[in-house]
Structures are given as C-alpha cells and as structure tokens.
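Step one of this worksheet: look at the structure below.
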Amino acid sequence: MDIKKILYWVTTGLLTAVMCFSVYNYFFNHTAIAGFFEHFNYPTYIIYPLAVAKILGLIAIWGNFSKWLKEWAYAGFFFNTLLAFFAHYMTDGAGYEMSGMAVIFVLVSYFLSKEARA
C-alpha cells in the first residue's frame, strides 16, 4: 500500500474520531457545550444542527457518493475546525490544540483523497 493512501486513511479516521467525539458531546453533554458556546459568544441554538451537519458530512466523505458533495463536506469541516481553532485561541487559549489538529486532519485528508480514492 502506498504511503499516501495510508496517510489518507489514518487522517480521515482521526478526523472522523474528532467529529464523532464532538457530536457525542453535542447530544449527550448539551449543558456543558452550551456553556462553551456562550463563552465564545456563539448562539446555542446551532448546537444540534451543527451536530447533524457533522454526521451528514462524515457520511458524505465516507460514502463517496459524489465529488461535489464530498467537496462541500470538506469545506464545511474546514471552516468549522478553523473557526473552532480561533474561537478557542482568542478567548482563553485553552483547547485550541485539538481544533488545530482537526484543521490539519481535514487538510491532509482532503488533499490526499483524490489520489487515495481514485
């Protein structure tokens, strides 16, 4: 197996793990997540739709249904993780490491996906 394919599958798996962890917390630890969203001055009503969007994005990436859909899923994950990184970094500086790693996972998975799943 090619090193690029291995790196693609590892980073896509890690991205999936990060997104599943956040979806789990959005649904089952809602009060704590709502507190974080309020701390970042984000509206709390977007928690559940964001969790559903993350699930649908993972389905689009793993399902490989269409290139257009997968491009939009990667774009959504990129903007979500980038905004999470800056929200953590600018408010209190805690927790930005995980979102920074998620940005890297999204970018590596995206740029290697064309070769690995051709």
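The values are calculated or read from the model by the stated rules, or taken from the named source; none is laboratory data. Given the structure is predicted, the values throughout are model-derived calculations rather than measurements. Here the Cβ positions follow ideal geometry from the backbone for every residue, glycine too, while neighbour counts run over all protein chains shown. Keep in mind that these areas ignore ligands, DNA and RNA; they rest on the heavy atoms of the full protein, side chains included. Shrake-Rupley method; radii C 1.70, N 1.55, O 1.52, S 1.80 Å.
Could you run through the range 44-79 and say how many residues are under 17 Å from Thr11 (Cα atoms) and crowded, with 18+ Cβ neighbours inside 10 Å?
Total satisfying the criteria: 9.
Looking at the range 64-85, which of its residues are part of a helix (DSSP H, G or I), without any contact (Cβ under 8 Å) to a residue 12 or more places away in the chain and either more than 14 Å from the chain's Cα centre (by Cα) or closer than 17 Å to Ala17 by Cβ (or both)?
The answer is Lys67, Trp68, Leu69.
Filter the range 89-101 for residues that are part of a helix (DSSP H, G or I) and without any contact (Cβ under 8 Å) to a residue 24 or more places away in the chain; which is nearest to the chain's Cα centre (by Cα)?
Narrowing the range 89-101 to residues part of a helix (DSSP H, G or I): 89-91, 96-101.
Add one more test, that the residue is without any contact (Cβ under 8 Å) to a residue 24 or more places away in the chain, and what stays is 89-90, 96-97, 99-100.
Details: Tyr89: 17, Met90: 19, Tyr96: 13, Glu97: 14, Ser99: 8, Gly100: 10 Å.
Among residues in the range 89-101 that are part of a helix (DSSP H, G or I) and without any contact (Cβ under 8 Å) to a residue 24 or more places away in the chain, the one nearest to the chain's Cα centre (by Cα) is Ser99.
Output the residue which, of all residues in the range 1-20 that are under 13 Å from the mean Cα position of the chain (by Cα) and free of Cβ contacts under 8 Å to residues at least 24 places away in the same chain, is least open to solvent (accessible area, probe 1.4 Å). First the steps, then the outcome.
Here is the first cut: in the range 1-20, the residues under 13 Å from the mean Cα position of the chain (by Cα) are 11-20.
Restricting the remaining residues to those that are free of Cβ contacts under 8 Å to residues at least 24 places away in the same chain gives 13, 17.
Numbers: Gly13: 31, Ala17: 58 Å².
Out of the qualifying residues, it is Gly13.
Please go through the range 55-70 and pick out each residue that is under 17 Å from Ala116 (Cα atoms) and among the small types (Gly, Ala, Ser).
Ala60, Gly63, Ser66
Out of the residues in the range 21-37 meeting the condition of being open to solvent by 70 Å² or more (accessible area, probe 1.4 Å) and of a type in the set (A, V, I, L, M, F, W, C), tell me which one is modelled with the lowest pLDDT. It would help to see each step written out before you state the result.
So in the range 21-37, the residues open to solvent by 70 Å² or more (accessible area, probe 1.4 Å) come out as 21, 24, 27-28, 31, 36.
Restricting the remaining residues to those that are of a type in the set (A, V, I, L, M, F, W, C) gives 21, 27-28, 36.
Details: Phe21: 95, Phe27: 96, Phe28: 96, Phe36: 88.
This residue is Phe36.
Just need a number here: residues in the range 87-97 that are loosely packed, with under 15 Cβ neighbours inside 10 Å and of a type in the set (A, V, I, L, M, F, W, C). Show your work before the answer.
The first filter runs over the range 87-97 and keeps only residues loosely packed, with under 15 Cβ neighbours inside 10 Å, leaving 90-94, 97.
So of that shortlist, the ones also of a type in the set (A, V, I, L, M, F, W, C) come out as 90, 94.
Adding up the residues that qualify gives 2.
Right, Phe36: free of Cβ contacts under 8 Å to residues at least 24 places away in the same chain and not in a loop (DSSP other than H, G, I, E, B) or not? Lay out the reasoning, then the answer.
Details: free of Cβ contacts under 8 Å to residues at least 24 places away in the same chain: yes; not in a loop (DSSP other than H, G, I, E, B): yes.
In short, yes.
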